[in-house]
Amino acid sequence: MDVTLPEGVGWTALVTAYARAQESRRPDRLFNDVWARAVIAQATRTRLDGAGLPAADGGSFWNDLASYAVIRTPFYDEHVRLGVADGCRQVVLLAAGFDGRAQRLDLPASTTVFELDTAPVLDFKNAALHTEGAAGPLVVARRTVATDLRGDWPAALREAGFDPTRPTVWLAEGLLMYLDSTECDQLLDNITALSAPGSRFVTEWSERNPAGEQSLVGYPDETERRAGELLGSLFRSGPAVSPQEWLDRHGWHSYEIDHLGARYRRHDRTTPWVYDPRHPQGLLVHLVAGIRRP
Ligand code: SAM
């Protein structure tokens, strides 16, 4: 099996898994992500320097970045559970990365989880789960689809058994910031065309692109600054309009719009200034859930 570490935008999936693996070890953890732990164990074996990941007591940049991935996770979990409680039996993880929801969420056995990402990410994930004995048996059906989400992924999804006549929960978690506004529109057009009434769409993006800003590159530590620059170089614009308008234009009713900074308070954790929109340099990161209009 291929154990080459994913690079470029695939590396961001590794950073997310690292954050979730760390969170899983906390006594007051918000979730326990067995798959993230397996992926990080494999990454550390593959490259003994920890695969370019920070030490356990990483600096402020890493802590803030890790907390972003951790705090958004329960928002997505809640909306997957709501959708499934409402009868959705297909869950599509767009840019699945090392997402562990197929294992972690106790979804009904009649659920199929589709994981879409690039081949290097999915190959690494499958190798890690296999090596760590974390691959299964799973209660749900899991289908992986190696594809580029800027291309004709709907055809690949259908080939993997996706049924557009059945309602679906779609997650685009940690994805839209790597797409420009035209690519975001195209992505949502494709999702809409595949969504039966009652389908849900959950996503997030930042009101402005922070590449080059203090929040990414203003760290005195050289490694942190370089990691911030790398991340910044991957960022694109995301959607061009407000969450409500974006979903509305594409045939969706946005039933929950929140922002990342507010979610820290909800979980009784301190909001880093970088995600506090009241701070002069803070980011407004939208968290958005919509339901397909009939
Ligand atoms: N959603 C996952 C999570 O929260 O754990 C992963 C998030 S990670 C920050 C971003 C993911 O987007 C990476 O796995 C990357 O490979 C994927 N990605 C970015 N652009 C993509 C594209 N055009 N096609 C497929 N995957 C893409």
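Only the coordinates and a few stated rules stand behind these numbers; no lab work does. Source: prediction; values computed, not measured. Note that each Cβ is placed from the backbone with ideal geometry, even for glycine, and that neighbours are counted across all protein chains shown.
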### Summary
By the mean-Cβ-within-10 Å protection proxy, highest first, 59-67, 130-138 rank as 59-67, 130-138
### the chain, Cα convex hull volume normalised per residue, Å³
124
### Task
Place the peptides 38-46, 16-24, 249-257 in order of packing, highest mean first, counting for every residue the other Cβ atoms within 10 Å and averaging per peptide.
16-24, 38-46, 249-257
### Task
Please give the FRET efficiency for R293 paired with T270, using the beta carbon to beta carbon distance and R0 = 35 Å, rounded to the nearest 0.05.
0.40
### Query
Given just the C-alpha atoms of segment 167-231, how large is their convex hull per residue in cubic angstrom?
90
### Query
Translational D (Stokes-Einstein, µm²/s) of segment 103-193 at 4 °C and 1.567 mPa s when Rh comes from the Kirkwood sum over C-alpha pairs?
89
### Query
Most exposed first by the Cβ proxy, i.e. fewest other Cβ within 10 Å, how do D258, D106 rank?
D106, D258
### Message
In 10 Å bins starting at zero, report the fraction of Cα pairs in segment 51-207 per bin as a rounded %.
### Response
10, 38, 38, 13, 1
### Summary
So the pair-distance distribution of segment 14-128, from every Cα-Cα distance in 10 Å bins, comes to percents of 13, 44, 34, 9, 1
### Query
When all alpha-carbon pairs of segment 75-114 are counted, what percent fall beyond 12 Å?
56
### Query
What is the gain in length, in nm to one decimal, between D163 and E245 on full extension, counting 0.36 nm per residue of separation less the C-alpha to C-alpha distance?
26.8 nm
### Rh by Kirkwood over Cα pairs, then Stokes-Einstein D for segment 245-294 at 0.692 mPa s and 37 °C, µm²/s
272
### Query
Quick one: which of 139-152, 179-192, 200-213 comes out on top by average Cβ neighbours within 10 Å, and what's the full order, highest first?
200-213, 179-192, 139-152
### Query
For segment 203-294, how big is the tail of P(r) above 24 Å, as a whole percent of Cα pairs?
31
### Query
Taking 0.36 nm per intervening residue step and subtracting the Cα-Cα distance, what contour gain separates E78 from H279 on full extension?
69.6 nm
### Summary
Note to self: C-alpha centroids of segment 134-153 and segment 5-49 sit apart, in Å, by 18
